[in-house]
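Q: This is the structure, below, for whatever I ask next.
The values are calculated or read from the model by the stated rules, or taken from the named source; none is laboratory data. The structure displayed is predicted, hence computed values, not measured ones. Using ideal geometry, Cβ is built from the backbone for each residue, glycine included, and neighbour counts are taken over all protein chains shown. Surface accessibility is based on the protein's heavy atoms, side chains included, excluding ligands, DNA and RNA. Shrake-Rupley method; radii C 1.70, N 1.55, O 1.52, S 1.80 Å.
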Amino acid sequence: MFIVGIDISKYKHDCCIIDSDGEIIRDPFSFKNDTEGFSKFLDTLHSLPDSEDIRIGFEATAHYALNLKLFLEKNHYAFMEFNPVLLAKFNKSQSLRRTKTDAIDCYSIAHWLATVEFKPHTTGFYHTYSLKSLTRLRDSLVRQRSFYLVKITNVLDVTFPEFKPFFNNRLGATALYLLENYSTAEKMSHMNSASYENLRKLSRGKFSVQKFMKLKELATNTVGESNEIFLIQLNSLLSLYLKCASEIQSLEAQITKLISDINPRCMLIPGIGSLSAAVIYAEFGDLKKFNSPAQMLSFADLEPGYYKSGILEHRGHMVKRGSSHLRYTLMNLCIPLIQYNYVFAAYYDKKRSEGKPHRVACSHLVKKLIRVIFHLEKNGIDFDSSKLY
């Protein structure tokens with residue numbers, strides 16, 4: 001058996017090959033992240049005496065290894081990707097020296113790979129990766145949209161401080177329409193019946209005449225400062241906000257279509273929508289790599305720390321070394337689960353009655369959810385709330 005350790009970087013990859021006894025078969029060498037470099041690497045693999053029994057491993061390094069992973073899958077080579085924290089711990093256990101080079105790293109990867117169970121990526125991982133990319137991009141854009149919303153609020157606090165409180169501190173479709181078409185308090189104070197008719201249609205009759213007159217009154221008597229610079233800022237931020245919102249809507253349509261085609265069993269759990277299901281499916285990937293719900297919990301960033309030494313024993317805070325994106329999604333699912341599923345709601349109330357704070361009770365609820373998802377996927381069955389009692 002040959003073990004191939006690869007240290008991934010942006011423009012080149014460093015590789016070392018050892019046998020099952022730890023003897024170096026091929027000294028560390030580099031190959032570029034291009035067609036010529038990949039061909040060189042493939043020729044090296046083919047030159048091994050028994051090229052059928054090869055284990056390839058490298059650290060998870062965002063998108064830098066994607067082309068190599070696709071190349072290996074195309075050429076029918078199994079590979080394993082692992083958390084860099086594991087290798088860092090392994091390296092510290094081997095030496096106290098602080099010497100670090102790419103050649104040393106690829107040898108360490110190969111040596112570490114020889115000591116653990118080989119769990120290769122499943123074929124077709126690219127579809128999961130695509131869904132993960134879309135969900136993470138959406139999350140990034142949602143955060144960016146929130147950032148623009150804060151900036152818009154900051155400008156309104158100067159130009160028209162009464163505006164946002166009038167809309168209960170929410171900038172919905174009606175409020176955004178007013179800002180986009182009238183911009184300043186002065187223009188809003190001169191709105192006429194035609195303006196009201198447009199607002200009424202936009203709000204489907206919810207924006208009454210009384211509200212319209214009240215807004216005009218606030219605009220007339222505002223203490224806000226009218227300034228050309230603030231107007232430029234507001235228009236620029238509105239444009240960015242609306243563009244961001246449009247891109248989010250487009251991404252959500254694509255994500256919903258992809259996850260609907262896959263139709264994972266977690267979508268059958270009341271309270272889990274298509275977007276949340278997409279994150280769960282994309283982040284966890286193939287559940288065959290997990291042997292227990294506890295492993296899924298650790299992967300999801302929700303494993304509590306545990307310390308025991310002598311007579312001392314205690315649990316600490318969450319370790320938080322897994323997927324933070326997945327943890328954020330799972331924790332945000334707690335409220336919908338409580339609202340739409342009696343069993344989860346009863347479990348939450350039980351934890352609260354035990355004196356646990358809201359966040360702690362939610363963490364227990366997520367653990368229960370992960371156990372349910374693990375059971376559904378491992379046994380290939382649909383969700384049935386009656387079996388949770």
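Q: Under the classification rounded if a/c is under 1.5, otherwise prolate if a/b is larger than b/c and oblate if not, where does region 1-151 fall, given a ≥ b ≥ c as square roots of the Cα gyration tensor eigenvalues?
A: Judged from the Cα gyration tensor, region 1-151 comes out prolate (a/c at least 1.5, a/b above b/c).
Q: On to the next question. For the chain, which whole-number percentage of the solvent-accessible area (1.4 Å probe, protein heavy atoms only) is attributable to carbon and sulfur atoms?
A: Carbon and sulfur: 51 percent of the exposed surface of the chain.
Q: Give or take rounding to whole Å, what are the principal axis extents of the alpha carbon atoms in region 93-223, in descending order?
A: That gives 77, 37, 20 Å along the principal axes, largest extent first.
Q: Could you let me know the centre-to-centre spacing of region 341-385 and region 39-108, using Cα atoms, in angstrom?
A: Distance between centres, Cα-based: 38 Å.
Q: Would you mind getting the accessible area per residue of the chain, heavy atoms of the protein chains only, 1.4 Å probe, in Å²?
A: Roughly 57 Å² per residue, with all protein chains present.
Q: Go through LYS69/LYS243; LYS288/LYS351; LYS289/LYS367; LYS151/LYS257 and tell me which ones have a Cα-Cα distance over 23 Å in this structure.
A: From the list (LYS69/LYS243; LYS288/LYS351; LYS289/LYS367; LYS151/LYS257), the Cα-Cα distance tops 23 Å for LYS69/LYS243; LYS288/LYS351; LYS151/LYS257.
Q: If you take the square roots of the eigenvalues of the alpha-carbon gyration tensor of region 48-100 and sort them as a ≥ b ≥ c, do you get rounded (a/c under 1.5), prolate (a/b over b/c) or oblate?
A: Note, shape of region 48-100 comes out oblate.
Q: Here's something else I'd like to know. When a/c is below 1.5 the answer is rounded, else prolate if a/b is larger than b/c, else oblate, so apply that to region 131-190 with a ≥ b ≥ c taken from the square roots of the Cα gyration tensor eigenvalues.
A: Because a/c hits 1.5 or more and a/b exceeds b/c, region 131-190 counts as prolate.
Q: Moving on. Sorted from largest down, give the three principal axis spans of the alpha carbons of region 156-309, whole angstrom values.
A: Sorted from largest, the Cα extents of region 156-309 read 67, 44, 27 Å.
Q: May I pose another question? Hey, any idea what the orientation-averaged projected area of the convex hull of region 336-389's Cα atoms comes to, in nm²?
A: If I average the Cα hull's projected area over directions, I get 3.7 nm².
Q: If you don't mind, another one. Run the reach check for LYS216 against lysines, Cα to Cα strictly under 16 Å, same-chain hits fewer than 8 apart removed. What comes back?
A: Correct list for LYS216: LYS164, LYS187.
Q: Sticking with this one: Taking amide H positions as placed in the peptide plane 1.01 Å from N, state which residues far from ALA65 in sequence (5 or more) or on other chains have amide H under 5 Å from it.
A: Those qualifying (amide H under 5 Å, at least 5 residues apart or on another chain) number zero.
Q: Which Cys in the chain stand alone, with every other cysteine's Cβ at 4.7 Å or more from theirs?
A: So far as the 4.7 Å Cβ criterion goes, CYS15, CYS244, CYS266 stand without a partner in the chain.
Q: Indicate the helices, whole DSSP H runs only, in the chain that combine a mean Kyte-Doolittle hydropathy of 0.5 or more with a Cα extent along their long axis of 27 angstrom or more.
A: Sorted by number, the helices that extend far enough and score high enough are 228-262.
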